[in-house]
Amino acid sequence: MSPTPGSHSNGSSLTAARRARELAALVDGRSVDVLVIGLGATGAGVALDAASRGLSVVAIDAHDLAFGTSRWSSKLIHGGLRYLASGQVSVAHESAVERGVLMSCTAPHLVRAQPFVMPLTPTTSHRNAALAGAGLLVGDLLRASARTARATLPGPRRLSAVETLRMAPGLRAQGLRGGLLSWDGQLADDARLVTAIARTAAAHSARILTRTRAVTVTGSGALVRDELTGEEVEVRARAVVNAAGVWAGQLVGDVRLRPSRGTHLVLRSESLSGLTAGMHIPIPGELSRFVLVLPQGDGRTYVGLTDEPIEGPIPDVPEAPETDIGFLLDVLGSTLDAPVRRRDVVGAFAGLRPLLDSAPTADGAQGSARTADISRRHAVLTSPDGVVTIVGGKLTTYRRMAQDAVDAAVAARGLAAAPCRTARLPLVGAAEPRTLAALAAPRRLVRRYGTEAPAVQALGAEDPGLLEPVVPGSTVTGAELLWAVRHEGALDEADLLDRRTRIGLVPADRTQALDAARSALAAG
């Protein structure tokens, strides 16, 4: 693999000036081939897929890149083992294939192998331990069927109690029978993945327009509003793809969703001192659901996640309720020698999964199945007036979802397009492992920026202070904030602190970083 052509030097940079210029160009009234609504992982993926096939693309979002569900994930690129337990074999295989694509070709700088330990405690029966062990072996077969090399993802094995405690020292030793070791893909950051996808689309001439709201939508275009100026313009398009996630039903009335809330806790890493692997902690009474403990390598650890249905209006930013926080702490505490207290939770976040409600009751109401039981298979729906909507699915399979949506739009509208090529198209910053290893930049930057890491580090030549952390105890530097303004389309403090970096996941850190964010915006 060679570095992607979508580097900042040849058209991938997103800036305030580029946004203004491309938004102004829409007033000429010319039709584009594809209008994409939504710039989460799937929407950005649709923009990249369509643009890389030679189609003209405008992609809009009322807020920012990765504003919705795509930034609230567990930061995992997983092989779909959980879906085997519920008989969703094709979904599991698709996940394993897409995990391999990301780790081996399109984003090896952002996704790396992460070990996970499932502790075998007295609350885990021998039967459940045997079932879990068998499941991990089947998961390894999924890896092999997806042609992901063993060097990319090592195989599972049984751990002794001593080995388990070495990887997770905080576990309660009494009654511990050992553990089960498995491997999956860990994403450096989900919002960074979306940014890389969007920038790669921009390098293929897609117009990526944040703060641009779809006011009304039809199969032949949309009335859109610049949220910064209030100006409205009609965008004519030969095909329209609705990738608005949990808000998709607000754009197309016949799309019915059952959103599910997934909550995560944010802990300082010292709360689980010495943890060198992630953990799968079985939820009592459940065979295939776990609480995940996810070390981030940046001084933070995430603990998640819940699966609770929500009713009523969809909020722009979901809140993590105390009931979810208490549930996660209780499950985590069931395995630890010294439980984590509520005061140790320095942040929490919740995301809404856009699950398709495919099981209505006889009177037309929503189905009664738990959201945890609803298939994670994605669906492509075409409305009577021709809007193509893509819903369901998950972060890992965003690329395949985008491919299916563009295929449907091309077929429905008779567009002249080349075949999909995104399974072999590296994202901005991607390169082979040996190339990444040879870069003259800190490893932490390489894991977040890939081949662009030296350019981020070089901003320190303007001001050595840019290489210092913007918040004590954080790893994020001023150079990263400035890079986000100059190349990643960040327009305000929230873009910088809540999406281009994740400082904002800890409210206290966010407050301390505001001045640095404002300085970066002024210097950009």
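The values are calculated or read from the model by the stated rules, or taken from the named source; none is laboratory data. What you see is a predicted model; the values in this text were computed from it and never measured. Counting neighbours? That spans all protein chains shown, and the Cβs are built from the backbone with ideal geometry, glycine included. Accessible surface is based on the protein model in full, side chains and every heavy atom, while ligands, DNA and RNA are left aside. Shrake-Rupley method; radii C 1.70, N 1.55, O 1.52, S 1.80 Å.
Need pairs with beta-carbon distance below 8 Å; first residue at positive phi and within the range 9-38, second open to solvent by 40 Å² or more (accessible area, probe 1.4 Å); sequence gap 6+ or separate chains.
Every condition considered, the pairs that remain are G11/S205; G29/E234; G29/R236; G38/W247.
From R82, R99, grab the single residue that is touching a helix residue (DSSP H, G or I) at 6+ places or on another chain (Cβ under 9 Å), open to solvent by 30 Å² or more (accessible area, probe 1.4 Å) and either among the basic types (K, R) or modelled with pLDDT under 95 (or both).
The match here is R82.
So, of the residues in the range 229-242 that are touching a residue at least 40 places away in the same chain (Cβ under 8 Å) and farther than 20 Å from G54 by Cβ, which turns out to be most open to solvent (accessible area, probe 1.4 Å)?
E234
For the range 303-323, state whether one or more residues are open to solvent by less than 10 Å² (accessible area, probe 1.4 Å), closer than 25 Å to T121 by Cβ and modelled with pLDDT of 95 or more.
Yes, the range 303-323 contains at least one residue that is open to solvent by less than 10 Å² (accessible area, probe 1.4 Å), closer than 25 Å to T121 by Cβ and modelled with pLDDT of 95 or more.
Is it fair to say S74 is open to solvent by less than 20 Å² (accessible area, probe 1.4 Å) and out of contact with any helix residue (DSSP H, G or I) (no Cβ under 8 Å at 6 or more places or on another chain)?
Yes: the conditions hold for S74.
For the subset of the range 448-467 comprising residues that are modelled with pLDDT under 95 and either of a type in the set (K, R) or surrounded by 14 or more Cβ atoms within 10 Å (Cβ to Cβ) (or both), which member is farthest from the chain's Cα centre (by Cα)?
D463
Does A412 meet the test of being at pLDDT below 95 and outside any loop (DSSP other than H, G, I, E, B)?
yes
As an exercise: evaluate A455 against (1) touching a Ser or Thr at 6+ places or on another chain (Cβ under 9 Å); (2) farther than 30 Å from T152 by Cα; (3) assigned to a helix (DSSP H, G or I) and give the number of the one condition it does not meet.
So the condition that A455 fails would be (2).
Give the residue, chosen from G230, G170, G185, that is at pLDDT below 95 and either at positive phi or of a type outside the set (A, V, I, L, M, F, W, C) (or both).
Going through G230, G170, G185 in turn, just one is at pLDDT below 95 and either at positive phi or of a type outside the set (A, V, I, L, M, F, W, C) (or both): G170.
As an exercise: evaluate G139 against (1) outside any loop (DSSP other than H, G, I, E, B); (2) crowded, with 16+ Cβ neighbours inside 10 Å; (3) at pLDDT 95 or above and give the number of the one condition it does not meet.
Looking at each condition in turn, G139 falls short on (3).
Looking at F349, is it modelled with pLDDT of 90 or more, among the aromatic types (F, W, Y), within 19 Å of V266 (Cβ to Cβ) and assigned to a helix (DSSP H, G or I)? Explain how you work it out, then say what you get.
On the way: modelled with pLDDT of 90 or more: yes; among the aromatic types (F, W, Y): yes; within 19 Å of V266 (Cβ to Cβ): yes; assigned to a helix (DSSP H, G or I): no.
No, not satisfied.
Just checking, how many residues over the range 276-320 are out of contact with any strand residue (DSSP E or B) (no Cβ under 7 Å at 6 or more places or on another chain) and on the phi > 0 side of the Ramachandran plot?
Number of matching residues: 3.
Tell me the residue from S160, S145 that is open to solvent by 10 Å² or more (accessible area, probe 1.4 Å), hydroxyl-bearing (S, T, Y), modelled with pLDDT under 95 and more than 17 Å from P295 (Cβ to Cβ), please.
Every option except S145 fails the conditions.
What residue, of L521, L491, is closer than 30 Å to V406 by Cα and hydrophobic (A, V, I, L, M, F, W, C)?
L491
Looking at the range 172-185, is at least one residue among the basic types (K, R), over 23 Å from the mean Cα position of the chain (by Cα) and closer than 30 Å to L292 by Cβ? Spell out the reasoning first.
Kept after step one, since they are among the basic types (K, R), are these residues of the range 172-185: 172, 177.
Those still in the list that are over 23 Å from the mean Cα position of the chain (by Cα) too: 172, 177.
This time we only want the ones that are closer than 30 Å to L292 by Cβ, so: 172, 177.
Scanning the range 172-185, I find at least one residue that is among the basic types (K, R), over 23 Å from the mean Cα position of the chain (by Cα) and closer than 30 Å to L292 by Cβ, so the answer is yes.
Sort through R177, R207 and tell me the only one that's open to solvent by 40 Å² or more (accessible area, probe 1.4 Å), in contact with a Leu (Cβ under 9 Å, 6 or more places away or on another chain) and closer than 29 Å to S334 by Cβ.
Just one listed residue meets the conditions, R177.
Mind telling me which of the residues V91, V34 ends up being open to solvent by less than 10 Å² (accessible area, probe 1.4 Å), assigned to a strand (DSSP E or B) and closer than 25 Å to A412 by Cβ?
Step by step, each of V91, V34 is checked, and only V34 is open to solvent by less than 10 Å² (accessible area, probe 1.4 Å), assigned to a strand (DSSP E or B) and closer than 25 Å to A412 by Cβ.
Any residue at all in the range 492-510 that's over 27 Å from S12 (Cα atoms) and at pLDDT below 95?
There is no residue in the range 492-510 that is over 27 Å from S12 (Cα atoms) and at pLDDT below 95.
Could you count how many residues in the range 434-447 are assigned to a helix (DSSP H, G or I) and either within 20 Å of D298 (Cα to Cα) or open to solvent by less than 40 Å² (accessible area, probe 1.4 Å) (or both)?
7
For the range 110-126, state whether one or more residues are touching a residue at least 24 places away in the same chain (Cβ under 8 Å), buried (at least 23 other Cβ atoms within 10 Å of the Cβ) and closer than 25 Å to V317 by Cβ.
Checking the range 110-126: at least one residue is touching a residue at least 24 places away in the same chain (Cβ under 8 Å), buried (at least 23 other Cβ atoms within 10 Å of the Cβ) and closer than 25 Å to V317 by Cβ.
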